[in-house]
1. Is the stretch A:241-252 home to any residue that is part of a helix (DSSP H, G or I), more than 7 Å from chain B (Cβ to nearest Cβ), modelled with pLDDT under 80 and touching a strand residue (DSSP E or B) at 6+ places or on another chain (Cβ under 7 Å)?
2. So how many residues does the stretch B:144-163 have that are in a helix (DSSP H, G or I), of a type outside the set (Phe, Trp, Tyr) and within 14 Å of the chain's Cα centre (by Cα)?
3. For the stretch B:237-250, check the following and say yes or no: at least one residue is over 17 Å from A:SER238 (Cα atoms), of a type in the set (A, V, I, L, M, F, W, C) and over 27 Å from the mean Cα position of the chain (by Cα).
4. Among residues belonging to the stretch A:207-224 that are buried (at least 18 other Cβ atoms within 10 Å of the Cβ) and outside any loop (DSSP other than H, G, I, E, B), point out the one that is farthest from the other protein chains (Cβ to nearest Cβ).
5. So how many residues does the stretch A:123-168 have that are farther than 16 Å from A:LEU203 by Cα and without any contact (Cβ under 8 Å) to a residue 24 or more places away in the chain?
6. Tell me, which residue of the stretch B:241-262 that is without any contact (Cβ under 8 Å) to a residue 12 or more places away in the chain and surrounded by 18 or more Cβ atoms within 10 Å (Cβ to Cβ) is nearest to B:ALA111 (Cα to Cα)?
7. Just to verify a result, which residue in the stretch A:263-307, among those that are closer than 30 Å to B:LEU262 by Cα, in contact (Cβ under 8 Å) with a residue 40 or more places away in the chain and among the acidic types (Asp, Glu), is nearest to the other protein chains (Cβ to nearest Cβ)?
Number of protein chains: 2
Amino acid sequence: MIKIAVDAMGGDFAPEMIVAGACQAANDFDYEIILVGREAAIKRELHRHKVLGGKIFIHNANDVIGMDESPVAAIKSKKDASVTVCFDLLKKKEVDAVVTAGNTGAAVAAATLKVGLLSNVKRAGIAISLPTLKGLTLIIDVGANIDPKPEHLFQYAIMGDIFARSLHKKKRPTVSLLNIGEEETKGTEVLKETYKMLRESSLNFIGNVEGRDLFSGRSDIIICDGFVGNVLLKIVESIADTVREVMHRRISSNFLAKLGALCLRPVLADVKRDTDYTEAGGAPLLGIDGVVIISHGGSNDKAIRNAIKVAGSTVENDVNGLITRELSVLRPGSTAPAVEEE
Amino acid sequence: MIKIAVDAMGGDFAPEMIVAGACQAANDFDYEIILVGREAAIKRELHRHKVLGGKIFIHNANDVIGMDESPVAAIKSKKDASVTVCFDLLKKKEVDAVVTAGNTGAAVAAATLKVGLLSNVKRAGIAISLPTLKGLTLIIDVGANIDPKPEHLFQYAIMGDIFARSLHKKKRPTVSLLNIGEEETKGTEVLKETYKMLRESSLNFIGNVEGRDLFSGRSDIIICDGFVGNVLLKIVESIADTVREVMHRRISSNFLAKLGALCLRPVLADVKRDTDYTEAGGAPLLGIDGVVIISHGGSNDKAIRNAIKVAGSTVENDVNGLITRELSVLRPGSTAPAVEEE
């Protein structure tokens, strides 16, 4: 059975929501879940839920890394932090995957330092699945690598393609580069070089897209550096609240609008759910020699359940095996994208 | 009287909306407006409007630069294009300002090649005034300079501060750097260096902000490179349409929601207006030795009227004189931000 370590102490609503989500996942999927963290606190939460026998275990870890601690320093000093222990288990192959909603930087640091990269992968990248007007769009990287080389971005495209085929069940997903114009000559030198590599690859590359194409679903996979990706991710996160607040201000000054808002309430809830990428499951850290799913810090139980589902599916689909095989076709050190046709 | 050249042929709805907006501005403000473009086409449009005598003139220009032409090549080859002629007039000081809704790259190229930079300014930057939950936030740069040095970003902060004080009437506007975390150690080397320069300056620097702070109005001025700025601008532009489309899909499947939407229609129109930065007037290209206002390609008459208003106010407030004086305090070549206290 697939074994998934869940950082029970990571996230704004840990351990309550983490344990609740893990229990839902244990009942819904055929995975073994290891909750890592302070045993007493986890036990207290577990007593609130009914779980099928033999599906949930506790692995004690006494320390916790806070959301604003310096990632590398914390990982090196806090040997018994829940997230550190999760990655120790992954390194020792005692689990197949890690799910954490804690400090993202700490998760990336622990994954890189303790578990390391897949063979031939130069850099890990965080991918999110953004709901758009035409299904999910995978955006990679949203924060692991803020100063990537063309080869890193090219590898993100390869890894994203495999993930979108395996998890989003897209046959031949379209791949694009986030840029400031559609022409090949646009953007930084890094992007121009990446454009050439993608064009010559066997990926379904459709060229550059712009910020306005994010929500249109025009591209199944959008490649960007971790700086731009992180900025856009945080803009996206704030949109729902901003729209709600702007509408609220207008509505509260108008009776007819209040009535309208009342009628629309269920729709607005639907809209929020439609556009909330955090509920779609966590973000895979692709390129690590083990499955790593990073959940939003504000994850609720449903988000954690879905992140565990994504972790399990990523293992089941052997995404990492596919990445290793696909990248091994590229000669080491070569930037020529000699990826095989499917 | 302040003289403003308006590119009558630039924009998706030129010359109709440009001429209509210019006529509104001529009646509302005490500026002389020179419409630059094909005389016959402009005259045809002018006949539809009543304008106070002696406020609007035509300067003939036979050519037009399209939205997708290569900027520098087009400016160099099309000597008689409306936008080229606008900047010729600005260079010869026959006008105080230029307003164009045409090809942004062409406007930046023409401004830089023909008019040139203000003394001590290293690079021009495009600023937009984004409506937020707490008034306007000035974001600079949104596309003129995609690979800025720390000194460029620092100068954007100086110029943005002067613009926000003059046009947004903010006494001591807060300035921040768009980054991927609040800590000083976050981000690229360019941003870390810029952070130091801003911290040591006399600007009201509040540190780094993240994508989620864009709409909160937490900072009066946000500094970023032109790549990130352009991506975020285009995301922002697409939000209103995306929200409308998502709601529409949900609403059309639910009777009560349809009723609610009907009641809410005026509010939604208000919300759209509240969040539409294009109506707030155009974006100044700061750093050019003359006032340049770039309007959105899709500008309607109101947007053009407001852009002309911004152009006039920028001249009236002597924003360029203030920029020159403020930057002259910095020793040439020095990166030490020895800006005087107000």
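The values are calculated or read from the model by the stated rules, or taken from the named source; none is laboratory data. It should be emphasised that the depicted structure is a prediction, and the values quoted were computed from it without experimental measurement. Heads up, the Cβs are rebuilt from the backbone with ideal geometry, glycines too, and the neighbour counts pull from every protein chain shown.
1. No, there is no match, as no residue in the stretch A:241-252 is part of a helix (DSSP H, G or I), more than 7 Å from chain B (Cβ to nearest Cβ), modelled with pLDDT under 80 and touching a strand residue (DSSP E or B) at 6+ places or on another chain (Cβ under 7 Å).
2. Adding up the residues that qualify gives 2.
3. Yes: the stretch B:237-250 contains one or more residues that are over 17 Å from A:SER238 (Cα atoms), of a type in the set (A, V, I, L, M, F, W, C) and over 27 Å from the mean Cα position of the chain (by Cα).
4. Kept after step one, since they are buried (at least 18 other Cβ atoms within 10 Å of the Cβ), are these residues of the stretch A:207-224: A:208-215, A:218-224.
From what is left, the residues that are outside any loop (DSSP other than H, G, I, E, B) are A:208-209, A:211-213, A:221-223.
Details: A:ASN208: 11, A:VAL209: 10, A:GLY211: 3, A:ARG212: 4, A:ASP213: 8, A:ILE221: 16, A:ILE222: 11, A:ILE223: 13 Å.
Applying the filter and picking the extreme gives A:ILE221.
5. Residues meeting the conditions: 0.
6. Filtering first and then ranking leaves B:THR242.
7. The residue in question is A:ASP274.
Conditions (1) crowded, with 17+ Cβ neighbours inside 10 Å; (2) in contact (Cβ under 8 Å) with a residue 12 or more places away in the chain; (3) closer than 26 Å to A:LEU285 by Cα, marked per residue:
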| residue | (1), (2), (3) |
| --- | --- |
| A:ALA40 | no, no, no |
| A:LEU52 | no, yes, no |
| A:ASN60 | no, yes, yes |
| A:ASP80 | no, yes, yes |
| A:LEU89 | yes, yes, yes |
